[in-house]
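K.L.:
This is the structure I want to talk about, given as structure tokens.
The values are calculated or read from the model by the stated rules, or taken from the named source; none is laboratory data. This one's a predicted model, so the numbers in the text were calculated from it and none came from an experiment. For neighbour counting, all protein chains shown are included, and Cβ atoms are generated from backbone atoms with ideal geometry for every residue, glycine included. To get the accessible areas, we keep the full protein, side chains included, count just its heavy atoms, and leave off ligands, DNA and RNA. Shrake-Rupley method; radii C 1.70, N 1.55, O 1.52, S 1.80 Å.
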Amino acid sequence: QVQLVESGGGLVQPGGSLRLSCAASGTIFRIYAMGWYRQAPGKQRELVATITSGGTTNFADSVKGRFAISRDAAKNTVYLQMNSLKPEDTAVYYCNFRLRVGVQDGPGDYWGQGTQVTVSS
């Protein structure tokens with residue numbers, strides 16, 4: 001069984017920074033990609049950033065130049081560094097891992113529990 005545990009959310013003023021972390025534990029055969037998504041009240045969940053096992057990154061246009069995604073493969077951990085935060089970044093942030101738990105299993109998506117990020121003065 002795979003568990004994803006997030007940390008790092010909170011309240012920050014506009015222009016401030018936060019760093020989110022998400023660590024995966026359990027039986028993991030291979031990780032293909034990691035990512036962050038967010039969901040604001042009344043809106044659908046949207047992609048924020050992803051990073052593949054090869055290091056290729058992808059960002060939503062709204063966060064390009066402000067957010068950075070990185071990973072520590074040895075720790076099965078993904079990070080999201082958020083700078084120059086804006087009120088419209090307020091949302092619950094979810095981490096996602098696409099991985100296989102065994103050699104005979106196909107890839108599946110696993111999600112963290114979500115962490116609240118609030119940007120307000």
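K.L.:
Which of the residues that make up segment 46-55 are surrounded by 15 or more Cβ atoms within 10 Å (Cβ to Cβ) and in contact with a helix residue (DSSP H, G or I) (Cβ under 8 Å, 6 or more places away or on another chain)?
P.N.:
Within segment 46-55, the first condition is being surrounded by 15 or more Cβ atoms within 10 Å (Cβ to Cβ), and the residues that meet it are 48-52.
Scanning segment 46-55 gives Val48, Ala49.
K.L.:
Within segment 66-78, can one find any residue that is more than 25 Å from Gly102 (Cβ to Cβ), buried (at least 19 other Cβ atoms within 10 Å of the Cβ) and touching a residue at least 60 places away in the same chain (Cβ under 8 Å)? Talk me through it step by step, then tell me what you get.
P.N.:
Applying the first criterion (more than 25 Å from Gly102 (Cβ to Cβ)) to segment 66-78 yields 66-70.
Keeping just the survivors that are buried (at least 19 other Cβ atoms within 10 Å of the Cβ) gives 67, 69.
Subsequent filtering for residues that are touching a residue at least 60 places away in the same chain (Cβ under 8 Å) retains none.
Checked against the condition, which is being more than 25 Å from Gly102 (Cβ to Cβ), buried (at least 19 other Cβ atoms within 10 Å of the Cβ) and touching a residue at least 60 places away in the same chain (Cβ under 8 Å), segment 66-78 yields no hits at all.
K.L.:
Tally the residues that are in contact (Cβ under 8 Å) with a residue 40 or more places away in the chain and more than 20 Å from Ala24 (Cβ to Cβ), restricting the search to segment 44-65.
P.N.:
Count: 0.
K.L.:
Mind listing whichever residues of segment 8-41 are aromatic (Phe, Trp, Tyr) and more than 15 Å from the chain's Cα centre (by Cα)?
P.N.:
At the first step, the residues of segment 8-41 found to be aromatic (Phe, Trp, Tyr) are 29, 32, 36-37.
Answer for segment 8-41, where residues must be aromatic (Phe, Trp, Tyr) and more than 15 Å from the chain's Cα centre (by Cα): just Phe29.
K.L.:
Restricting to segment 79-110, and then to whatever is outside any loop (DSSP other than H, G, I, E, B) and open to solvent by 50 Å² or more (accessible area, probe 1.4 Å), can you tell me which residue is nearest to Arg38 (Cα to Cα)?
P.N.:
Taking segment 79-110 first, the residues outside any loop (DSSP other than H, G, I, E, B) are 79-82, 87-89, 91-100, 108-110.
Now restrict to residues that are open to solvent by 50 Å² or more (accessible area, probe 1.4 Å): 81, 87-88, 98, 109-110.
Working: Gln81: 14, Pro87: 14, Glu88: 11, Arg98: 17, Asp109: 16, Tyr110: 15 Å.
Here the answer is Glu88.
K.L.:
Separate question: With respect to the numbered conditions (1) in a loop (DSSP other than H, G, I, E, B); (2) open to solvent by 60 Å² or more (accessible area, probe 1.4 Å), which one is the sole condition not fulfilled by Asn58?
P.N.:
(1) is the only condition that Asn58 fails.
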